[in-house]
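Working notes, structure below.
The values are calculated or read from the model by the stated rules, or taken from the named source; none is laboratory data. Just so you know, these numbers come straight off a predicted model, no measurement behind them. Cβ placement follows ideal geometry from the backbone for every residue including glycine, while neighbour counts extend to all protein chains displayed. SASA here: full protein model, heavy atoms, side chains in, ligands and nucleic acids out. Shrake-Rupley method; radii C 1.70, N 1.55, O 1.52, S 1.80 Å.
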4 protein chains.
Amino acid sequence: MPQGSVLETITSEEARRVIDAAAAKATEIGQPMDIAVVDAGGNLKAHVRMDGANIGSITISINKAYTSIAFQCETGDLQGVTRQDGPIYGLSDAHGGRLAVFPGGIPLVRNGSIMGAIGVSTGTIEQDQEVAEAGVAAY
Amino acid sequence: MPQGSVLETITSEEARRVIDAAAAKATEIGQPMDIAVVDAGGNLKAHVRMDGANIGSITISINKAYTSIAFQCETGDLQGVTRQDGPIYGLSDAHGGRLAVFPGGIPLVRNGSIMGAIGVSTGTIEQDQEVAEAGVAAY
Amino acid sequence: MPQGSVLETITSEEARRVIDAAAAKATEIGQPMDIAVVDAGGNLKAHVRMDGANIGSITISINKAYTSIAFQCETGDLQGVTRQDGPIYGLSDAHGGRLAVFPGGIPLVRNGSIMGAIGVSTGTIEQDQEVAEAGVAAY
Amino acid sequence: MPQGSVLETITSEEARRVIDAAAAKATEIGQPMDIAVVDAGGNLKAHVRMDGANIGSITISINKAYTSIAFQCETGDLQGVTRQDGPIYGLSDAHGGRLAVFPGGIPLVRNGSIMGAIGVSTGTIEQDQEVAEAGVAAY
């Protein structure tokens, strides 16, 4: 039996606040979204698929959040460098797949430490990024 | 571009109500849980990992909900029949993996149609089932 | 570019100290081992395959450490309950595979929080457990 | 039971020396790294994730080392030939995934035989390569 419980880097309440803020922005711009929040280990803390959002974006939103943890950056930062003439073209394959290398994933930072990340998917990359930023602002 | 959007069988609001009721029961019995809700297609609609719940139960809660859709029953109904001497021993392998064949997954039914399912994991199977039932009661 | 770096729950120095202590015990009992340490998110922090240890135990040692994080317990605690007549028979399938449900994985606990885990494999389960315990004692 | 043990092509001590030299260079240039060493069979011998290095680079460092064994070359040698207009574009897919086709993976050679390989990831490809070379120099 457990002698303790795994260190939580982001709480359920924080995850809900981030998701609710992101969902409010998604509603405001009229684009339903999949929204995921992961902890500092890249493990899912919460996910919501808004009514009308993509089924295919369930995993993309989760993987965007994961990618932000895995590479300690916004997923959009990986877009140029992973293109076919970029220095790390083939990054996702080299990792074993599942990486998202376009906007919509952003780390959640506190006191210089990445404590989790949000991933948003279904809209255009500009919309995904805007909604993710609204989530970050509520952290 | 799409001319419509995929039929929603369960709304975000319903999923949240189900999860909140399940989480309230989990809090009441003092056992944090992973709680997932999927739609009639078995696709994730919402997930919450309560503070202290298992990282390993993220996928199990989702897979319990999926399994309830996939076989139109409670996951506990599959326990006896999939045991070593049961008629469908090897079911998960036959499916390609991911099936949960112990309690904690229950369909969400309306007017005789399964519209979604809830999956709960981290506690004992009795606790998982009790919390899932609390979620179903709020649907 | 990163605005911070991911919270570290276990340091490289701690991981090395744990592995070195485990390896010393393995040498003492004359059984080379694969030894892995993961952080609180279940992600690999360090791994060593001692000379003569199993190639097949590379992933098993890593997965034992992961399983200890994922279920907040020693992997040996999962052995009875996942047997064919146990309440959660089929756990690994339900999780999506990769779980180790026999001794050799133990959480690394500090002040009531699981900060990481060690996984050991190649010997008998008694040897794996003994070596893992030696690693834990050095944490 | 075994009548012998699998031929070791690189010892734990050699792997540690290579990793320590690489880590020292990483510290010197101020860029924490994931560093992996594999044997002549491409199987992991040792891995260290330095504090601050990427979680996503765990598998990439391992896969860079594997790729160096798998194709008997530096991973950087595969970069040009696998680009969209290169002769073996699609190499990783053809292999079943996991290949790294950018710098940071280098074979460890003795008397004309590749005995193992090092893989380094988290920094720029120039940094990864520089740190890998420092590891090779200590072999």
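Given the condition over 23 Å from C:ASP85 (Cα atoms) and surrounded by fewer than 19 Cβ atoms within 10 Å (Cβ to Cβ), answer yes or no: does some residue in region B:115-129 qualify?
Yes: one or more hits.
Which of the residues that make up region C:32-44 are within 11 Å of chain A (Cβ to nearest Cβ) and of a type in the set (D, E, K, R)?
C:ASP39, the sole residue that qualifies.
Scan region C:59-79 and report the pairs whose first residue is within 12 Å of chain B (Cβ to nearest Cβ) and open to solvent by less than 20 Å² (accessible area, probe 1.4 Å) and whose second residue is part of a helix (DSSP H, G or I) and of a type in the set (Asp, Glu), with Cβ atoms within less than 6 Å and a gap of 6+ or a chain change.
Pairs that qualify, where the first residue is within 12 Å of chain B (Cβ to nearest Cβ) and open to solvent by less than 20 Å² (accessible area, probe 1.4 Å) and the partner is part of a helix (DSSP H, G or I) and of a type in the set (Asp, Glu): there are none.
Tally time: how many residues in region A:47-80 are of a type outside the set (Val, Ile, Thr), over 11 Å from the mean Cα position of the chain (by Cα) and within 30 Å of B:LEU7 (Cα to Cα)?
Number satisfying all stated conditions: 8.
For C:ILE114, only one of the following conditions fails: (1) at positive phi; (2) within 11 Å of chain A (Cβ to nearest Cβ); (3) touching a strand residue (DSSP E or B) at 6+ places or on another chain (Cβ under 6 Å); (4) of a type outside the set (Asp, Glu). What is its number?
Failed condition: (1).
Among the residues of region C:12-28, write down those that are open to solvent by 10 Å² or more (accessible area, probe 1.4 Å), more than 19 Å from D:THR11 (Cα to Cα) and touching a residue at least 12 places away in the same chain (Cβ under 8 Å).
C:SER12, C:GLU14, C:ARG17
Can we say A:ASP85 is at pLDDT below 95 and farther than 26 Å from B:GLU14 by Cα?
In short, yes.
Could you grab me the full set of residues in region A:4-43 that are closer than 18 Å to A:GLU126 by Cβ, of a type in the set (Asp, Glu) and touching a Lys or Arg at 6+ places or on another chain (Cβ under 9 Å)?
A:ASP34
Go through region A:105-139 residue by residue and tally those that are in contact with a Lys or Arg (Cβ under 6 Å, 6 or more places away or on another chain) and under 16 Å from A:GLY42 (Cβ atoms).
Within region A:105-139, residues that are in contact with a Lys or Arg (Cβ under 6 Å, 6 or more places away or on another chain) and under 16 Å from A:GLY42 (Cβ atoms) number 2.
Would you tally the residues in region D:45-57 being within 14 Å of chain A (Cβ to nearest Cβ) and either open to solvent by 40 Å² or more (accessible area, probe 1.4 Å) or among the charged types (D, E, K, R) (or both)?
The qualifying residues number 2.
On the given criteria, is B:VAL37 buried (at least 19 other Cβ atoms within 10 Å of the Cβ) and touching a residue at least 60 places away in the same chain (Cβ under 8 Å)?
It is true that B:VAL37 is buried (at least 19 other Cβ atoms within 10 Å of the Cβ) and touching a residue at least 60 places away in the same chain (Cβ under 8 Å).
Starting from residues that are surrounded by fewer than 19 Cβ atoms within 10 Å (Cβ to Cβ) and more than 8 Å from every other protein chain (Cβ to nearest Cβ), keep the ones in region C:83-109 and report whichever is farthest from C:ILE58 (Cα to Cα).
C:GLY86
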